[in-house]
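Below: one structure, written as structure tokens.
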Amino acid sequence: MKRFETRAVHAGERRATRGAGDGQPNGAAAGGSSGSFYPISTPVHLSTTFAHAGIEQTDRILGGEEPGYSYARYGNPTVTAFEEAVAALEGEGRAFAFASGMAAMHAALMAAELNSGATVLAAEQLYGSTATLLIQIFGAGGVETRFVDACDLEAVEKKVAELKPRAVVVETISNPLLRVADIPRIAEITKAAGATLIVDATFGTPYLQRPLELGADIVVHSATKYLSGHGDLTAGLVITGAPYDAALDQIRKLVGGVMAPFEAWLALRGLKTLPLRMERQCENARLLATRLSAHPKVAKVYHPAEKDHPDNEVARRILANTGGLVSFDLAVDDPEEGRAAAFRFLNALDLCVRAPSLGDIYTLAIHPSTASHRELSPSRRKRLGVKESLIRVSLGIEHPEDIAGDIEQALESV
Ligand SMILES: *Cc1c(COP(=O)(O)O)cnc(C)c1O
């Protein structure tokens, strides 16, 4: 198998035209004009349906006896190209693309057979919408969700033994304190208990970690973030193998949250530079973390490469690099002043963009307690360590001096 960087550039490409010209639909004369050329970049196939040389072939394709495309909700060649590229980067399994990361997570939970009476054990650091999806949507269907600190392996082991959950849901790197879950150890626990391990690898990407290789059963990505990387599309993916892929295929067809072809084309283009972008973003994050650690207006820096980060050892062992995010607490004398100081800091930013999301080529800064963690009660935020004075930065690919310069000038107004 070719190396990661090479696969990122080539995987999935030049497949869509295989078989083109084999026959013309509806009796049109087979033209000699197309010859044997094919585009080096996969086209955007804007077609809601696909015709074949004869109804017999359509019958075979609909019956699954022959690979091919029929109706766009069942599959689209541009979307397949993106799926093949991501599967090639994850190293194993089959990838299923969805209209958003949340649609992908929903499908993964359905594929894990979370139906009435089932229990799911979820990381308490989980992405807010995933927690709400479990509690509100799956909860209404009779699924019980319990939470655990995914970085406390003893607690995970105890809760798995006690609750016998059908599925365990964790993230590779959590938001906003960038805790790193020990996926190989958690996979040992879930395997022994017969639970499905679902890993949301959005913050890690296959460049930093490939959870299927570490024992996870199902990997979920919001492709809105690092995989596409340019802040211009919403999409998600589920990567898995037997015994979940048949269910996923069916769920996607019937629920219909499919990825659109133009988004797939943009995402496939973005994916080619994932290794280059991630390398720069990780480097920018490390440099910023070091700079902020020594800054008088910063009380604490959260970054897995920092020696005092609780998961520094785990990160070294299971991640290829320490990720493109940095969070930090502003130094405020009065804790009541935290929110006002954070707002002053964010309003003073000039280069870094004040906007939710992450993983873009642009550096983005957010205030977690009024953004990603807004829906949580103040006491829950406090327990998770999400202070009013906390800022999260998703590093872009700009020059590190320009990023640090902007953040340092904004710190003057704290
Ligand atoms: C953004 C995000 C999601 C949801 O993805 P969408 O594409 O916005 O639906 C899920 N999990 C994590 C960790 C995320 O950052």
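Peptides 170-181, 351-362: what's the order by average Cβ count within 10 Å, highest mean first?
Working: 170-181: 25.0, 351-362: 18.7.
Highest mean packing first, the order is 170-181, 351-362.
Taking the Cα atoms only, what angle lies between the long axis of helix 77-90 and the longest principal axis of the chain, rounded to 10 degrees?
50 degrees
What is the sum of charges around P296, taking Lys and Arg as +1, Asp and Glu as -1, for the other residues whose C-beta is under 14 Å from the C-beta of P296?
Details: positive: R291, K297, K300; negative: D329, D333, E408, E412.
Here the count lands on -1.
In a Gaussian network model over the chain where Cα atoms closer than 10 Å are linked, find which of L133, L89, L268 has the largest mean-square fluctuation.
Highest fluctuation among the options: L133.
Putting +1 on Lys and Arg Cβ atoms and -1 on Asp and Glu Cβ atoms, find which of H106, L134, Y71 reaches farthest to the positive end of the dipole of the chain.
Result: Y71, furthest along the dipole toward the positive end.
Let me see the P(r) profile for segment 274-411: every Cα-Cα distance counted, bins of 10 Å, each bin given as a percent of all pairs.
Bin by bin from 0 Å, the calculated values are 12, 44, 36, 8, 0.
Rounding to the nearest 10 and keeping the result within 0 to 90°, find how far the Cα-based axis of helix 274-293 lies from the longest principal axis of the chain.
Tilt of helix 274-293: around 0 degrees.
Could you work out how much longer the chain between D402 and L287 gets when fully extended? Use 0.36 nm per residue separation minus the Cα distance between them, nm to one decimal. Walk me through the intermediate numbers first.
Numbers: separation 115, 0.36 × 115 = 41.40 nm, distance 1.18 nm.
Result for the pair: 40.2 nm of gain on full extension.
Taking the chain as a Gaussian network, where each spring joins two C-alpha atoms under 10 Å apart, which residue of G139, G194, G64 fluctuates the most?
Result: G64 has the largest fluctuation of those listed.
Relative contact order for segment 208-247: what percent, with Cα pairs under 8 Å and sequence separation of 6 or more? Can you show the working numbers first?
Details: 36 pairs, mean separation 14.8, N = 40.
Relative contact order here is 37 percent.
Nearest 10 degrees, 0 to 90: what angle lies between the long axis of helix 153-163 and the longest principal axis of the chain (Cα atoms)?
Roughly 60 degrees between the two axes.
Could you work out the relative contact order of segment 274-411? I mean the mean sequence separation of Cα pairs under 8 Å and 6+ apart, divided by the number of residues, in percent.
Values: 236 pairs, mean separation 39.6, N = 138.
Answer for segment 274-411 is 29 percent.
Peptides 312-319, 275-282: what's the order by average Cβ count within 10 Å, highest mean first?
Values: 312-319: 17.1, 275-282: 20.6.
Output ranking for 312-319, 275-282: 275-282, 312-319.
Take the chain, connect every pair of alpha-carbon atoms lying under 10 Å apart with a spring to form a Gaussian network, then pick out the residue of D334, D182, D152 with the largest mean-square fluctuation.
Checking each option, the largest mean-square fluctuation is seen for D334.
Could you tally up the Lys pairs in the chain with alpha carbons closer than 26 Å? Skip any pair fewer than 8 positions apart unless they're on separate chains.
Step by step, the pairs that qualify in the chain add up to 18.
No value in this document is a laboratory result; all are computed from the given coordinates. Keep in mind it's a predicted model, so treat the numbers as computed, not measured. Virtual Cβ from ideal backbone geometry, glycine too; neighbours counted across all protein chains shown.
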